[in-house]
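Below is one structure; the comments refer to it alone.
The values are calculated or read from the model by the stated rules, or taken from the named source; none is laboratory data. All values derive from a computational prediction rather than experimental measurement. When we count neighbours, we look across all protein chains shown, and the Cβ atoms used for this are built from the backbone with ideal geometry, even at glycine.
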Amino acid sequence: EPEVTQTPSHQVTQMGQEVILRCVPISNHLYFYWYRQILGQKVEFLVSFYNNEISEKSEIFDDQFSVERPDGSNFTLKIRSTKLEDSAMYFCASSAWDTQYFGPGTRLTVL
Amino acid sequence: DQQVKQNSPSLSVQEGRISILNCDYTNSMFDYFLWYKKYPAEGPTFLISISSIKDKNEDGRFTVFLNKSAKHLSLHIVPSQPGDSAVYFCAAGAPSGSARQLTFGSGTQLTVLP
């Protein structure tokens, strides 16, 4: 069964450093998403992406964040200058239409 | 932001009995609802969904009920199995230009006792 994959599973970085989280969505899906879950809190929407551009973004997705689909298979989330409060699980999801399928997540730890 | 609420943080059920997980929402623009199951250190796994034009959707042991007038949905698992023990999230989506964003509830930890 096709699935969303994410790398790395765990990323540790120093505050102020740039990180890139990678995702490979399900191959025939057209819509791509990033969500995050801070420990003990809800899963929160960050951004959606369709037709090579951002479709929607939340208030969390400020100028420090960017997304890219650099080739036909990868979908990346970049955080330019990480802050302590960016520590969270980051989930990538993809959908053909309404139902979103999630990857296993990347745990980002900012020290 | 409390647009989607799961008021029970935990639920314990005996194996073989019915599990009923509840979810309430406030945004009347939501027209698509999903239930996800999540194990620790894994991503949410899609279980079942329902569109607002329906009031019930069934898939094997899982049934989702939607009461639009009450802005309430529930997930029934019958019979419950120990492997069902996990955190269950409800999520809701509203129509948008292209891709939908989902709003999640806070989750209910289901424990199925053998």
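Evaluate the following for B:Phe46: is it within 14 Å of chain A (Cβ to nearest Cβ) and not in a loop (DSSP other than H, G, I, E, B)? In short, yes. Consider segment A:84-111 and keep the residues that are within 14 Å of chain B (Cβ to nearest Cβ) and free of Cβ contacts under 8 Å to residues at least 60 places away in the same chain. The one that is surrounded by the fewest Cβ atoms within 10 Å (Cβ to Cβ) is A:Thr99. Looking across segment B:58-102, the residues that are assigned to a strand (DSSP E or B), out of contact with any Lys or Arg (no Cβ under 7 Å at 6 or more places or on another chain), closer than 14 Å to B:Phe30 by Cα and modelled with pLDDT of 95 or more come down to B:Asn67, B:His72, B:Leu73, B:Cys90, B:Ala91, B:Ala92. All conditions but one from (1) buried (at least 19 other Cβ atoms within 10 Å of the Cβ); (2) touching a Phe, Trp or Tyr at 6+ places or on another chain (Cβ under 8 Å); (3) more than 30 Å from A:Ile54 (Cβ to Cβ) apply to B:Lys56; the one that does not is (1). Looking across segment A:47-80, the residues that are free of Cβ contacts under 8 Å to residues at least 24 places away in the same chain and either in contact with a Pro (Cβ under 7 Å, 6 or more places away or on another chain) or among the polar types (S, T, N, Q) (or both) come down to A:Ser48, A:Asn51, A:Asn52, A:Ser58, A:Gln64, A:Ser66.
Does B:Ala41 qualify as being within 27 Å of A:Thr5 (Cα to Cα) and of a type in the set (A, V, I, L, M, F, W, C)? Criteria met by B:Ala41. Highlighted here are the strands (runs of 3 or more DSSP E) found entirely within segment A:11-83 that include at least 3 residues which are within 11 Å of chain B (Cβ to nearest Cβ): A:31-37, A:43-50, A:53-57. Of all residues in segment A:25-46, those satisfying the criterion of being buried (at least 17 other Cβ atoms within 10 Å of the Cβ) and touching a residue at least 24 places away in the same chain (Cβ under 8 Å) are A:Pro25, A:Ile26, A:His29, A:Tyr31, A:Phe32, A:Tyr33, A:Trp34, A:Tyr35, A:Arg36, A:Gln37, A:Val43, A:Leu46. Filter segment A:6-53 for residues that are touching a strand residue (DSSP E or B) at 6+ places or on another chain (Cβ under 8 Å) and small (Gly, Ala, Ser); which is nearest to B:Ala99 (Cα to Cα)? Top of the filtered list is A:Ser48.
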